[in-house]
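Written below as structure tokens is the structure these notes are about.
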Amino acid sequence: MPRSRSMVYFNDRLFRYLFIASAVLVSLIIVSIIWFVGNQGLATFHDASLIEFFTSSIWNPSNGNYGALSFITGSLVSTLIAILIGGPLGLAGAVFMAKIAPPWLRRIMRPATDLFAGIPSVVYGYVGITVLVNFIRETTGSPTGFGLLASGIVLSIMILPTVISITEDTLRSLPATYEEASLALGATRWQTIWRVLVPAASPGILTALILAMARAIGETMAVQMVIGNSSQFPNSLISPSSTLTSNIVMEMGNTPFGSTWNNALFMMALILLLISLVLIILVRVAAKKGAE
């Protein structure tokens, strides 16, 4: 075998083993994180009740009350509001950029959309606390303006880049024959978009919404700044509340490692981790469906 071919063969094997080692290392890190967070989180139930943790909204660790229902509800409701607002807006923006906007406008809007993803979350939170919270307080009569509504609106803006980018790429990747066949059969432009292109792109749109949900439910700083950080169960969308992430960041630094209080915060982190894993599985299912 010539020297050059032997070197190529050696390099191929070297990089193959390097990639395998990298994959194994990443897998070990992920498994280690899940094991560590899960081990610490499940230790909560050595001294606290499992049923109370998931069904009670009384959070008072000083008295031995570890009810996390209000935090779980806050995370889910904030994410739901974000998807209900940001999902349709993101879909409309993606359709406009992919099928309606002229090329010169698309070249401006796409970088501007991507710029949203690079804005630090604390900036969103600062704008929310100075503009949105005041607006909600003045228009709804809320004493503070903080709450799930403010949190959901801020999150809806933060997830727009994810929804718009993935949905636009999906729409633009559809075969041109779909649109041409629909127009040839006499359908209007809007009928073609909403009855042919959007249904055909539904797996990619679903993937975008699921990834947006993962972004929203894991957001911390912006939510912490506008939600009010109250451990009480929210009785309305404009009353101060809290989420799993905001409560973790507020209390983790003040609890001794290994205490029941600290373990309860790890349990909240485990819940977030499991939700993220479920969403990732859903993304894989949606992608597999789109490939069929």
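Bear in mind that the values in this text are calculations on the coordinates, not laboratory data. The structure displayed is predicted, hence computed values, not measured ones. Using ideal geometry, Cβ is built from the backbone for each residue, glycine included, and neighbour counts are taken over all protein chains shown.
Overview of values
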| item | result |
| --- | --- |
| Rh by Kirkwood over Cα pairs, then Stokes-Einstein D for the chain at 1.002 mPa s and 20 °C, µm²/s | 98 |
| Neighbour-count order for Arg106, Arg172, fewest beta carbons within 10 angstrom listed first | Arg172, Arg106 |
| Charge context of Gly86, other residues only, Cβ under 14 angstrom, K/R +1, D/E -1 | 0 |
| Helix-derived mean residue ellipticity, 222 nm - over the chain, DSSP H n ≥ 4, -39500 (n - 2.57), to 500 | -23000 deg cm²/dmol |
| Label zone at Asn65 (point 7 Å along Cα-to-Cβ), backbone N below 12 Å, the stretch 141-165 | none |
| For the stretch 115-153 and the stretch 1-65, distance of Cα centres in Å | 34 |
| Calculated over the stretch 1-100: convex hull of Cα atoms, volume per residue (Å³) | 198 |
| Spread of Cα-to-Cα distances over 10 Å intervals beginning at zero, given as percent, for the stretch 152-242 | 15, 32, 22, 17, 11, 3 |
| Candidates Ser259, Ser62, Ser202, ranked by Gaussian network fluctuation over the chain, Cα under 10 Å, top entry | Ser62 |
| Dipole axis of the chain (+1 Lys, Arg; -1 Asp, Glu on Cβ), positive-most option in Gly141, Ile166, Leu80 | Ile166 |
| Evaluated over the stretch 3-46, the Cα radius of gyration and Dmax, each in Å | 19.1, 64 |
| Order of Lys99, Lys288 under a 10 Å beta carbon neighbour criterion, fewest first | Lys288, Lys99 |
| Of the DSSP H helices in the chain, those whose Cα atoms cover at least 20 Å axially and whose Kyte score averages -1.0 or more | 3-42, 69-95, 103-118, 202-218, 260-291 |
| Gain on full stretching of the segment that runs from Thr255 to Ile280 - 0.36 nm per residue minus C-alpha separation | 5.9 nm |
| Of Phe146, Phe135, Phe71, the one that fluctuates the most in a GNM where the chain has Cα springs shorter than 10 Å | Phe135 |
